[in-house]
Amino acid sequence: MAGEEWNHQIKDALYEADIIILLVSPNFLASRYVREQEIKIAMERHTNPSDPAVVVPVIIRPCDWKDNAFSRLQALPKNSKPITSWSNHDEAMLDVVSGIKKLVMRKKDTPSIQPTASATSSPATSYFSTPPLEPKHLDTAKLKKMIGAGKTKNVIATLLADQNLDGMVRNQVIMMDQKFRTLQNEKLIGILSDENANRKSAQINYGLLQILDNIS
């Protein structure tokens, strides 16, 4: 949209996507932004064992892509043959679609692990520095104070651990969790200024406060 910061929009999408498709062509490889930003972020997520993101290279046109960070990944279409090199482009695209569809179905069949307050090996205790509050003792006033004290990630863990949370509210919390993780990743690799990081953090905290107001 007009007025939006496209750089931030692209990076937000890269950090939130479950599947990242690289449309590989000479123009793709010639782009400095693609090489230094998009491919870098995509591969960092792909190689992170705790991150569910998968990177899929799709070879559009003949190009020298074998020396890139993603060259070790299984590419589409079949045999990594560029789409424009197929005698029938529709057949090539069908092969790409079939490969991506298989990946989507596999990810759908993989059960997601929700944070719990009791399991010490769960994401809630490995991702968050301190255990979340027990769901049965959910105290919105205390959670608001925790946000003010900079314990945003603990508040998110506590809300996600509450099995009685309304479905719509849970989706809102999950969205805040994704935004928070994106922010932490961006801060980790140093692609955000302090001003932008503080702005995004304030937006996340404001969203959580609104959620807490709705369940009070």
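Label segment 18-109 by shape, choosing from rounded, prolate and oblate, from the square roots a ≥ b ≥ c of the eigenvalues of the Cα gyration tensor; if a/c is under 1.5 it is rounded, and otherwise prolate applies when a/b is larger than b/c, oblate when it is not. List each step's numbers first, then the result.
Working: a/c = 2.32, a/b = 1.11, b/c = 2.10.
Judged from the Cα gyration tensor, segment 18-109 comes out oblate (a/c at least 1.5, b/c at or above a/b).
Using Cβ contacts closer than 10 Å as the measure, can you line up W6, W65, W86 from fewest to most? Before the final figure, lay out the partial values.
Values: W6 8, W65 19, W86 15.
Result, fewest neighbours first: W6, W86, W65.
Scan around A17 for amide H atoms under 5 Å from its own, H built in the peptide plane at 1.01 Å from N, and keep only partners 5 or more places away or cross-chain.
When sequence neighbours closer than 5 places are left aside, there are no close amide H contacts.
Measure up K108/K200; K151/K200; K40/K66; K144/K200; K153/K200; K66/K107 against 21 Å on the Cα-Cα distance and list the ones that go over. The partial results should precede the final answer.
On the way: K108/K200 30 Å; K151/K200 15 Å; K40/K66 16 Å; K144/K200 18 Å; K153/K200 14 Å; K66/K107 27 Å.
Check vs 21 Å cut-off fails for K108/K200; K66/K107.
Please arrange T182, T47 by counting, for each residue, the other beta carbons lying within 10 Å of its beta carbon, fewest first. Intermediate values should be presented prior to the final figure.
Values: T182 18, T47 11.
Placing the least packed residue first, the sequence is T47, T182.
Run the quick spin-label model on Q163 and R35: label points 7 Å from Cα toward the beta carbon, then report their separation in nm to one decimal.
5.3 nm
Could you pull out every residue, at least 5 positions away or on a different chain, whose amide H is within less than 5 Å of the one on L22? Hs are placed 1.01 Å off N in the peptide plane, and Pro or chain starts have none.
Placed amide hydrogens put V56, V58 under 5 Å from L22.
May I ask you to sort K200, K101 by Cβ crowding, counting other Cβ atoms within 10 Å and putting the fewest first?
With the sparsest Cβ surroundings first, the list reads K101, K200.
Any idea how far apart L209 and D51 come out in nm if each label point goes 7 Å out from Cα toward Cβ?
Result: 3.1 nm between the two label points.
No value in this document is a laboratory result; all are computed from the given coordinates. Predicted model, so just to flag it, every value in this text is computed and none were measured. All Cβ positions, glycine included, derive from the backbone under ideal geometry; neighbour counts span all protein chains shown.
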